[in-house]
Every structure is written in C-alpha cells, then in structure tokens.
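Data first, discussion second: the structure below is written as structure tokens.
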Amino acid sequence: MASMRDIKRRRNSIASTQQITKAMKLVSTVKLQKTKARAERSKPYFDKMYSTVTSMLAKSGTINHPYLKANKSAKKAVILITSNRGLAGGYNSNVIKLVTSSGLKPEEVVLFAVGNKGKEYFQKRNYRIEKEYPEVIENPMFPDAKEICDEVLRLFAAGEIGEIYLAYTYFKNTVVHEPQLLKLLPVEVREEDLAAAREKAADHTLMNYEPEEEEALDVIIPKYMTSIIYGALVEAVASENGARMQAMDSATSNAEEMIDKLTLQYNRARQGSITQELTEIIAGANAIS
C-alpha cells in the first residue's frame, strides 16, 4: 500500500494538473464562442454559393471545361486541415484517419497541410508534403483560402495533379464535429443535388453565358473553390475549440474523481497509522505494567 506521503504527493500533482485543464477549458470556451459565431455567420453564404453553382451546372448541359473533367495525372492533392496543438480529444486523429482510410494511395497523394499535427503525422510516413500553412489555422482569412486555392489550381492546370480533395472537420454544433472529405476538382455534382436544382428552377431551359461559358467558369469555379476552402477553415477552427473544450472538461472531471479517491485512500492510511500508534502505545503500557 502506498504511504501517506506518496498519496499526498500524487493528489497534489493531480490537483495542479486539474487547475491547468480547468484554465484550458475556460480559454477554449471563450474561443469557441467567437469561432462558433463566425462559423454560423459564414455558413449561409457558403451554402448559398454551393446551391448556386449546383443550380448553374444543372442547367448548363454538357460543358467541356478543364475544371469539369479529369486530366491524365494520377496525383491527388489533399488540402488537409488540422490544428497546430494537441489536447483536443480525437479532433486531429479523426481527420487523419479519414484520409488514410479513404482509399487514396500514399504514393499518389500530394498534401497541402494546414496545421502542424496533420503534417507531422504524414511526414513521418513519407507522404509528399507539397506546401505547409501552419499560421493560417490560427486566424483564417479569405486571402489565405485564395492563396491555397490559387496554388492547387496552378498545379491542376499544369497537369501535375488530377484531382483535388479537401479534408476538414465540419462544425455541426458545440458537441458534434464530423470529419469530411470533399472532392473539389474536377467538379462533381451529386445526382440528388442536380434533381433538386432542376426542380427549383422556374424553367428547364439551358443557361446562357455572357461572356462565353469557358471564360465565365474560369472566374466562377475558383471563387467557388476559395469559398468552400475558407468555409472549411472557419468550421475547422470552431470544431477544434469545441473538441478541446470537451476534452479539457472530461480531463477536469476525471481529475476530480481521482482526487476524491486519493483523498479517501489518504484518510484510510492516516486512520490506519493512528490506529497502529494507539495499538503500540497500549501494548507498551501493558508490557510495563
């Protein structure tokens, strides 16, 4: 059985850790309120952007455009959004697991790492890290998303990559965060989205482009992609803070339970020590008499 000194030392150590986790929980809670509000304000715009582009492509017929068809390259770019710090439960590991279990072959993957945690994991496993953006996840801005979009589009246009994916954590609410892997290029519109877009349209005539459809899509698709990337960055930051708040709350509760158990052990050990001393005193007194 552990001595009272050992129990007391361990209890004090856990109490110190509990103070840290409690402080981290409070910090994460404040950050969550800000990032959650930002994500909720941004979400309607990006949802509308997606539905607008879907509706447009649904009424465009067959368009022969580089952004709408795959090129010959077997390389697949993945924009991976993780955090720079840990202590966020399964936030980072869930996104990493999503990519590794997606069926994408490691030798074909070209990573654009936003956040250090994902970069460190895949770097150790010899994945190709094309570019790193560790500072972007701290405070994502629209120009940051445009920079990432411009870089992947440049490689796509040059034929160095054939597909572009986005791996991030979707912020559903404070306690639910869902890792998602979206295919950005070539643009693919799901059949149910096409059907919904056609049904909402006032008529089913093909869309007329002014200027020409190729010139219009050269502008629309990059803006669409930049918007999706920025929306993913904002939601990822909110998800990170939500996950860290939950993790620190659980850690604080677990520390409280451990302190209670150690306090009980300490009291029992103390009581046992006192009982033993009394027994020795009584035994000594009886021996003298």
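The values are calculated or read from the model by the stated rules, or taken from the named source; none is laboratory data. Just so it is clear, the structure is predicted and the values come from calculations on it, not from any experiment. Cβ atoms come from the backbone with ideal geometry, glycine included; neighbour counts cover every protein chain shown.
The sole residue among 157, 167 that is more than 15 Å from the chain's Cα centre (by Cα), touching a residue at least 12 places away in the same chain (Cβ under 8 Å) and closer than 21 Å to residue 67 by Cβ is 157.
The set of residues from segment 1-22 being aliphatic (A, V, I, L, M) and either assigned to a helix (DSSP H, G or I) or touching a Lys or Arg at 6+ places or on another chain (Cβ under 7 Å) (or both) comprises 4, 7, 14, 15, 20. What about residue 25, is it in contact with an Asp or Glu (Cβ under 6 Å, 6 or more places away or on another chain), part of a helix (DSSP H, G or I) and not hydrophobic (A, V, I, L, M, F, W, C)? The answer is yes for residue 25.
Given the condition within 29 Å of the chain's Cα centre (by Cα), buried (at least 18 other Cβ atoms within 10 Å of the Cβ) and touching a residue at least 40 places away in the same chain (Cβ under 8 Å), answer yes or no: does some residue in segment 1-13 qualify? Within segment 1-13 (the criterion being within 29 Å of the chain's Cα centre (by Cα), buried (at least 18 other Cβ atoms within 10 Å of the Cβ) and touching a residue at least 40 places away in the same chain (Cβ under 8 Å)), the answer is no, since none of the residues qualifies. Could you list, in sequence order, the residues of segment 14-53 that are surrounded by 13 or more Cβ atoms within 10 Å (Cβ to Cβ), of a type outside the set (A, V, I, L, M) and closer than 16 Å to residue 254 by Cβ? Correct list: 17, 18, 21, 22, 25. Entry remark, segment 117-149: residues being among the polar types (S, T, N, Q) and either modelled with pLDDT of 95 or more or not in a helix (DSSP H, G or I) (or both) number 2 in total. Can you confirm whether residue 134 is of a type outside the set (A, V, I, L, M) and surrounded by fewer than 19 Cβ atoms within 10 Å (Cβ to Cβ)? Criteria met by residue 134. Annotation: residue 89 fulfils all but one of (1) in a helix (DSSP H, G or I); (2) at pLDDT below 90; the unmet one is (1).
In the set 275, 263, 252, 279, only one residue is loosely packed, with under 14 Cβ neighbours inside 10 Å and in contact with a helix residue (DSSP H, G or I) (Cβ under 7 Å, 6 or more places away or on another chain); that residue is 263.
Number of residues in segment 136-153 that are under 15 Å from the mean Cα position of the chain (by Cα) and of a type outside the set (S, T, N, Q): the value is 4. Could you tell me whether segment 220-237 includes any residue that is at pLDDT below 85, within 30 Å of residue 98 (Cβ to Cβ) and of a type outside the set (Asp, Glu)? Checked segment 220-237: no residue is at pLDDT below 85, within 30 Å of residue 98 (Cβ to Cβ) and of a type outside the set (Asp, Glu).
Restricting attention to segment 152-171, the residues that are farther than 21 Å from residue 117 by Cβ and either among the hydroxyl-bearing types (Ser, Thr, Tyr) or not in a strand (DSSP E or B) (or both) total 10.
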